[in-house]
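The structure appears below as C-alpha cells.
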Amino acid sequence: MSLDQVTKQQLQTKLTQYKPQLKREFPELTDTDISQAEKDPDQFISRIEQKSGQPRDHVEQRVMELVGGRS
C-alpha cells in the first residue's frame, strides 16, 4: 500500500488545514516534520512510521482517512 495521488495532492495543497488533525493523531510529530508533507508526502509517511513505531500500512491508512483520500 502507498498513498494515493489524491491524498498526496491534498497533503501538498491543504497541509495547513490538516495540520491539527495530524498533530492529534501523531503527537510525536513536530511542525518541521509536518511541513515535510508538502515537499515529499512519502518521506513524511516514513517519518511518522519512524517516530510513532506504527507499521507503514497503518500510518498510510490513517493519513488517508484524515485527509479524505480513498482508503
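Counting the residues of the stretch 19-30 that are in a helix (DSSP H, G or I), in contact with a Lys or Arg (Cβ under 7 Å, 6 or more places away or on another chain) and open to solvent by less than 40 Å² (accessible area, probe 1.4 Å) gives 0.
Of all residues in the stretch 31-71, exactly one satisfies the criterion of being modelled with pLDDT of 95 or more, of a type in the set (S, T, N, Q) and open to solvent by 60 Å² or more (accessible area, probe 1.4 Å), namely GLN50. Contact map, the stretch 10-33: first residue over 19 Å from HIS58 (Cα atoms), second residue open to solvent by 70 Å² or more (accessible area, probe 1.4 Å), Cβ cut-off under 6 Å, separation 6 or more or different chains; pairs are GLN12/GLU38; LEU15/GLU38.
Filtering the stretch 4-18 down to residues that are of a type outside the set (Ser, Thr, Tyr) and under 9 Å from the mean Cα position of the chain (by Cα), which residue is least open to solvent (accessible area, probe 1.4 Å)? Only one residue fits best here, namely LEU11.
The values are calculated or read from the model by the stated rules, or taken from the named source; none is laboratory data. Remember, predicted model here, so these are calculated numbers, not experimental data. Every residue, glycine among them, receives a Cβ derived from its backbone with ideal geometry; neighbour counts consider all protein chains shown. What goes into the accessible areas is simple: the full protein's heavy atoms, side chains included, and nothing from ligands, DNA or RNA. Shrake-Rupley method; radii C 1.70, N 1.55, O 1.52, S 1.80 Å.
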